[in-house]
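Everything below concerns the one structure shown next.
The values are calculated or read from the model by the stated rules, or taken from the named source; none is laboratory data. Bear in mind the structure is a predicted one, so any value in this text is a computation, not a measurement. Here the Cβ positions follow ideal geometry from the backbone for every residue, glycine too, while neighbour counts run over all protein chains shown. Keep in mind that these areas ignore ligands, DNA and RNA; they rest on the heavy atoms of the full protein, side chains included. Shrake-Rupley method; radii C 1.70, N 1.55, O 1.52, S 1.80 Å.
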Amino acid sequence: MHYVISYASPHGHYWYVAQVYVTLSQTVRRTNMEIVVSGIRPTGNLHLGNLYGAVVNCVKMQDEYDCRFFIADWHSLTTHSHPENIIESTYTILAEYLACGIDPEKAIIYRQSDVPEVLELYLYLNMNAYLGELLRTTTFKEKARKQPENVNAGLLTYPTLMAADILLHKAVKVPVGKDQEQNMEMARRYARRFNNIYGVDYFIEPASFSFGSPVKIPGLDGSGKMGKSEGNAIYLIDDEKTITKKVMKAVTDSGPTEPNSAMAEPIANLFSLMKIVSEPDTYQFFLEAYNNCSVRYGDLKKQLAADIVKTTKPIRDRILEIRGDQALLERVAKEGADKARETATKTIREVRQLIGFSAK
Ligand code: TRP
């Protein structure tokens, strides 16, 4: 008994000291880092295109920026007013991001709907957002065309909610693709407009940026990029059999007949995938085989499938493990929301003062 106590006590003490140290060092680091905000739409599972196009860069970003990643579940109501299993799909996305290496110790990761402060900012920004400019947004026009039966006010004000997501944290940088550039311009405009109306220099105009080198992953159907809506994606959650089947079905041609001939797009796509997931030697071997016309596409695909599985299997195993740990997911979501709300409540308090709802 005595032994246990004398052992447990110093151990507990060191552990505590270590925790404080970690917390302190993170807080210190955070204040020196630029704030990055990124919203993830809760649409379906992550695929290889998402992994190499965005998620690996988010993982690296965590070490260089004060990252706040959130799952934009409220935004999804603009297109699906009665989403099926929204809570389940947010947990799935959370599990997939964690499995890829998003680390709640380094980044704040939360669900948008857990941080209601964003709605208050959304309201204030909406009061200074004009119908004309919202109607002119390309993403709005596109969505309105796709769902003419449901052109709702949320859809129209999607850019103000997005601006609120970003301005709530006073983010300096936002990693977005080209398709979000107009929404980013609106976020900057709303920041500027707020500052002008209330005569303050409060909100920062967030810059769009691209971190690292996003790699475009081609689809397996011959042309274009991998995407969920294209129906050509290999998901991180796919098992070996599914992946092999998808790869073996990939489009090819009848093979080169002259040495060093140019590759048709479907073949070039297989090689680009191979370049990412296979060993350099393997890639070189098949490239030479192609160039001397001895390539056998069946072998190439088998090798490619095996190398994709080698890449995704550890992630898939982690996804399954994390997805099965509901307590862990709830804890991560709760801690993320608590941290996000620290900033959020501060922003709202200040904004209320600036508008005049409370004394300075
Ligand atoms: N509109 C983004 C997209 O479609 C998602 C999003 C919502 C977002 N709020 C954001 C992205 C804030 C960056 C910052 O992908």
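Table for the structure above
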quantity	calculated
Within the chain, helix-based [θ] at 222 nm, where runs of 4 or more DSSP H residues each add -39,500 (n - 2.57), nearest 500	-18500 deg cm²/dmol
Rel. contact order, % - alpha carbon contacts under 8 angstrom, at least six apart, the stretch 128-250	19
Ranking by accessible area, most exposed first, for ILE87, ILE322 with a 1.4 Å probe	ILE87, ILE322
Computed accessible area, ASP281, all protein chains, 1.4 angstrom probe, square angstrom	130
Percentage relative contact order, the stretch 217-360, counting C-alpha pairs under 8 Å, at least six apart	24
For LEU131, solvent-accessible area (1.4 Å; no DNA, RNA or ligand), Å²	110
Dipole of the stretch 25-117, positive end: most advanced residue of PRO104, VAL59, PRO42 [Cβ charges, Cα centre]	VAL59
Accessible area (Å², per residue) of the chain, counting only protein heavy atoms and a probe of 1.4 Å	53
Solvent exposure, largest accessible area first (probe 1.4 Å, DNA, RNA and ligands not counted), of THR160, THR257	THR257, THR160
Dipole magnitude of the chain, debye to nearest 20 (Cβ charges: Lys/Arg +1, Asp/Glu -1, about Cα centre)	640
Accessible-area composition of the stretch 292-344, carbon plus sulfur, in percent [1.4 Å probe]	50
Beta bridges per DSSP with both ends in the chain, % antiparallel, nearest 5	10
Between the stretch 70-116 and the stretch 213-244, the Cα center-to-center distance that results, in Å	22
Accessible-area order (highest first, 1.4 angstrom probe) of the listed residues CYS293, CYS100	CYS293, CYS100
Rounded percent of accessible protein surface that carbon and sulfur make up, the stretch 91-183, 1.4 Å probe	59
